[in-house]
Amino acid sequence: MSFYTKIVRPLLHIFPTESVRNFSLSALRIFGGSQLGEWMLSKIYGYRHPSLEREVFGVRFRNPIGAAAGIDRDARLYRQLGSLGFGFVEIGTITPKPQSGNLRPRMFRLPRHKALLHRMDHPNCGIEKAIDHLRRRAHGRKVVVGANIAVGSICPPENAAKEYLRTFRPLYQYVEYFTVNIWTLIGSGEEYGPEHKELIEEVLEAMFEFRRGQNDYRPILLKLSPDWSQQIVDDMVSILIDTPLDGLVVSDCSKQYETALTPKARAQMTDCLMGGSPLLDRTEELIRYVCSKMDYSYPVIGVGGVMSAHDAQRLLDAGASLVQCYSALAYEGPAFAGRICRQMAAPARAAEKAARATRKSAK
Ligand SMILES: Cc1cc2nc3c(=O)[nH]c(=O)nc-3n(C[C@H](O)[C@H](O)[C@H](O)COP(=O)(O)O)c2cc1C
C-alpha cells in the first residue's frame, strides 16, 4: 500500500468526487505551472527508459501510457501530466463552443469496484480557449498531445460534418493526433441504423479532405463504446479498413453498471456512464475482437479498467499499441503513470543488468 492509498485517498474520499477532482487537478496545474515545478514533478514521479519508447501511427511516444480524454478537458494540464510520467495526453473532449455540461452532482465513485460514474456531457472551455492554452506548447513539445473532439450537445445530423471541422481545423497544427468522439451522434447505439454509418463516413470524409490539403499528417482515430452491438463495431472496423482512418480507441465508459450499485445508490446515480476496474475484461475482449477483424494491421489505443502494469500489459498483449487511463489517477494517485512505466521496464532493466554482469565477468 502506498502513502497515497493509505492516507491521502481516504481523506480525499470524504469530499464530493468532482470537488476532489477539481481541487487535485488545480493543485497539479499550479504546482507544475513553473519550469521548476515541472522539473520537480518529473523528478519525483516521472520515469524514462528506452525500452518503453515506441512509434505508433507515425508519432514517437516516450512510453505507451497515456492520460485518457476527460482529465485535461480544457488543455491546461498536458505539460504537468507529462511530468507525472504519462507518455501522451488526450485533451478534451473539446466542442466548438464552451459548454457547462449537466448539473451537479454528476460524478460519483464506487470505491469497492475502483470505478467512477459520471453524467458530465462534455463540459469544456470550447475551441477558442483550448487553442489559447495550446499556444504555449510552442515552448517545447515534451509530451505527445492528442485532441478528442465532438459536436456540441445539440447538433442536427446534417450539421455534424461542419461542426467537427470547427474544432478539427483550428486544432490541426497544435496536436499530434485526433480522436473523433461520436457518442453524441449515436450514443449507446440503441437506435443505430445504416444512416448512422453514412453520417460517420461523411463526418470523417470532411476531415480527410481538409487533411489532404495540409503539409503535416495528423492521424485520425475513432473512439468506440464498449456497449455497442457487434453490428456497430463491425461497421466501425469496415470504416477503418475502407477509408483513410488511422486507428481506433477501444473503448469508453459503459452504461452497464447497475449490478455494481446498491438500490439506494441506483436511485441517485441514474443515467451515468462507468469507467474503472470493472471495464477491463470487456476492453480486452473488444481489443482482441477488432484487432483480429482487421488483421492487426491498424493501431489501437486500449482504454478501460487499467489500474496496474499487469492490466496495461493485458491490453497490449490483446493487440493495443498504446494504453490510456482515467479512473486510475483517482484511485492510485499521481505516482501511477511513473510506477506503471517502471514496472513495465523491469524486464529490460534486468536484461541490461545481466548483460553488464556477463561483460564484467568476461574481462
Ligand atoms: C469523469 C469522466 C469523464 C470523462 N470524460 C470523457 C470525455 O470528455 N471524453 C471522452 O472521450 N471520454 C471521457 N471519459 C472516458 C475516459 O476517457 C475513458 O475512456 C474511460 O473512463 C475508461 O477508462 P478508465 O477505466 O481508465 O477510467 C470520461 C471518463 C470519466 C470517468
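Would you check if residue 227 is within 21 Å of the chain's Cα centre (by Cα) and either away from the ligand (no atom under 16 Å from the Cβ) or closer than 27 Å to residue 71 by Cα (or both)?
yes
Which one is farthest from the chain's Cα centre (by Cα) among residues in segment 300-318 that are within 19 Å of residue 246 (Cβ to Cβ) and within 14 Å of the ligand (Cβ to nearest atom)?
Step by step, filter segment 300-318, then rank; the result is 315.
Hey, can you tell me all the residues within segment 272-295 that are within 12 Å of the ligand (Cβ to nearest atom), small (Gly, Ala, Ser) and part of a helix (DSSP H, G or I)?
Hit for segment 272-295 is 277, nothing else.
Please work out if residue 176 is of a type in the set (D, E, K, R), within 13 Å of the ligand (Cβ to nearest atom), at pLDDT 95 or above and under 17 Å from the mean Cα position of the chain (by Cα).
When the stated conditions are applied, residue 176 does not pass them.
Being under 17 Å from residue 88 (Cα atoms), surrounded by fewer than 22 Cβ atoms within 10 Å (Cβ to Cβ) and either in contact (Cβ under 8 Å) with a residue 40 or more places away in the chain or touching a strand residue (DSSP E or B) at 6+ places or on another chain (Cβ under 8 Å) (or both): is that true of residue 342 here?
Against the criterion (under 17 Å from residue 88 (Cα atoms), surrounded by fewer than 22 Cβ atoms within 10 Å (Cβ to Cβ) and either in contact (Cβ under 8 Å) with a residue 40 or more places away in the chain or touching a strand residue (DSSP E or B) at 6+ places or on another chain (Cβ under 8 Å) (or both)), residue 342 qualifies.
Filter segment 98-128 down to residues that are of a type in the set (Lys, Arg) and out of contact with any Lys or Arg (no Cβ under 9 Å at 6 or more places or on another chain) and give me whichever is surrounded by the most Cβ atoms within 10 Å (Cβ to Cβ).
Across segment 98-128, the extreme among qualifying residues is 109.
What is the one condition in (1) buried (at least 19 other Cβ atoms within 10 Å of the Cβ); (2) modelled with pLDDT under 95; (3) over 22 Å from residue 122 (Cα atoms); (4) not charged (D, E, K, R) that residue 260 does not satisfy?
(1)
Taking segment 152-168 on its own, how many of its residues are in contact with a strand residue (DSSP E or B) (Cβ under 9 Å, 6 or more places away or on another chain) and assigned to a loop (DSSP other than H, G, I, E, B)?
Of the residues in segment 152-168, 2 are in contact with a strand residue (DSSP E or B) (Cβ under 9 Å, 6 or more places away or on another chain) and assigned to a loop (DSSP other than H, G, I, E, B).
Given segment 172-271, what strands (runs of 3 or more DSSP E) lie entirely inside it while holding 1 or more residues that are polar (S, T, N, Q) and closer than 29 Å to residue 99 by Cα?
177-181
Output the residues belonging to segment 319-333 that are within 15 Å of the ligand (Cβ to nearest atom) and touching a helix residue (DSSP H, G or I) at 6+ places or on another chain (Cβ under 9 Å).
Answer for segment 319-333, where residues must be within 15 Å of the ligand (Cβ to nearest atom) and touching a helix residue (DSSP H, G or I) at 6+ places or on another chain (Cβ under 9 Å): 320, 322, 323, 325, 327, 328, 329, 330, 331, 332, 333.
What pairs can you find where one residue is in segment 287-315 and over 13 Å from residue 250 (Cβ atoms), the other is within 14 Å of the ligand (Cβ to nearest atom) and in a strand (DSSP E or B), and their Cβ atoms are less than 7 Å apart, with a gap of 6+ or different chains?
Every condition considered, the pairs that remain are 312/65; 312/323.
The values are calculated or read from the model by the stated rules, or taken from the named source; none is laboratory data. This is a predicted model, so every value here is computed, not measured. Note: ideal-geometry Cβ built from the backbone for every residue, glycine included; neighbour counts use all protein chains shown.
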